[in-house]
Amino acid sequence: MRKTKIVVPIMLTELAELEKVSVSDYRTADIVEWRADFLSADEILEMAPKFFEKFKESKILFTLRTVREGGNIQVSEKKYLQILKEILTYNPAYIDVEFFTHGPSFAALKDFRDKMVLSYHNFDEVPSDLTNRLIKMHEEGTAFVKVAVMPERECDVLDLLQITRDMTLEYGDHFISMAMGDLGRLSRISGYLTGSCWTFASLENSSAPGQISLKETGYILDILEKWRMI
């Protein structure tokens, strides 16, 4: 069994697009991520029952990626929390919560830690305080801690790989990390070494720069992780 789980995003911009989505296209993904931030708040809540029914056999990660963290929607804290609470009634496997952007919502949802992917995204750099940020997020006791950062040079990617490895050895297997862009592609397939337990791959449109296709990601991981077990 592959150690690194593959997450594939679905980014719908209209309610009618859901009918055109083929569930079978995602059969080799371990987790389906609904990137709902390409819809309005009202459209998200209208689509939710249909989306969860359509993908009832899949593990679903619900993500509302806001503008501040590289997403496509800007909502108030009250609306952000309202949407997440409504989505939780459909019992998703996981929900993404932007820890540093939406701390009050996290505090209000602490009872759902076992479903939470606590996340931080930086499209400008690999911050010098990344380790401290990871420790702070880890201390909240959520199911997973996720960071996605933008490297400016090769050493930034190597630093991220080492930080991820150190955090995994110290605190356990629940970290997800990636360096974005073409420079960071190595970080998307190196979880068998670093301990990063999920990677994000694209079916058609990528949800972040540097994503590799689902087919290629599965192929590469199978080679690397089978080799590791020999």
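Quick notes on this one:
- Within segment 89-128, the only residue that satisfies the criterion of being buried (at least 22 other Cβ atoms within 10 Å of the Cβ) and of a type in the set (Gly, Ala, Ser) is SER119.
- Test result for SER22, in contact with a strand residue (DSSP E or B) (Cβ under 8 Å, 6 or more places away or on another chain), of a type in the set (Gly, Ala, Ser), open to solvent by less than 60 Å² (accessible area, probe 1.4 Å) and over 17 Å from LEU109 (Cβ atoms): no
- Whenever a residue of segment 13-31 is within 21 Å of GLU46 (Cβ to Cβ), its partners that are exposed (fewer than 14 other Cβ atoms within 10 Å of the Cβ), lying with C-beta atoms within less than 7 angstrom and at least six residues away or across chains, give the pairs LEU15/GLU46; LEU18/LYS50.
- Segment 158-183: number of residues that are open to solvent by less than 80 Å² (accessible area, probe 1.4 Å), assigned to a helix (DSSP H, G or I) and among the aliphatic types (A, V, I, L, M): 5
- Condition met for GLU33 (closer than 19 Å to MET116 by Cα and in contact with a His (Cβ under 8 Å, 6 or more places away or on another chain)): no
- Within the set LYS5, LYS59, LYS78, the sole residue that is farther than 30 Å from LEU186 by Cα and charged (D, E, K, R) turns out to be LYS78.
- Strands (runs of 3 or more DSSP E) completely within segment 58-134 that count 1 or more residues being in contact (Cβ under 8 Å) with a residue 60 or more places away in the chain and either more than 26 Å from THR28 (Cβ to Cβ) or touching a Lys or Arg at 6+ places or on another chain (Cβ under 9 Å) (or both): 94-98
The values are calculated or read from the model by the stated rules, or taken from the named source; none is laboratory data. This structure is a prediction, so every number in the text was calculated from the model and none was measured. Using ideal geometry, Cβ is built from the backbone for each residue, glycine included, and neighbour counts are taken over all protein chains shown. Heavy atoms of the whole protein, side chains included, go into the accessibility calculation; ligands, DNA and RNA do not. Shrake-Rupley method; radii C 1.70, N 1.55, O 1.52, S 1.80 Å.
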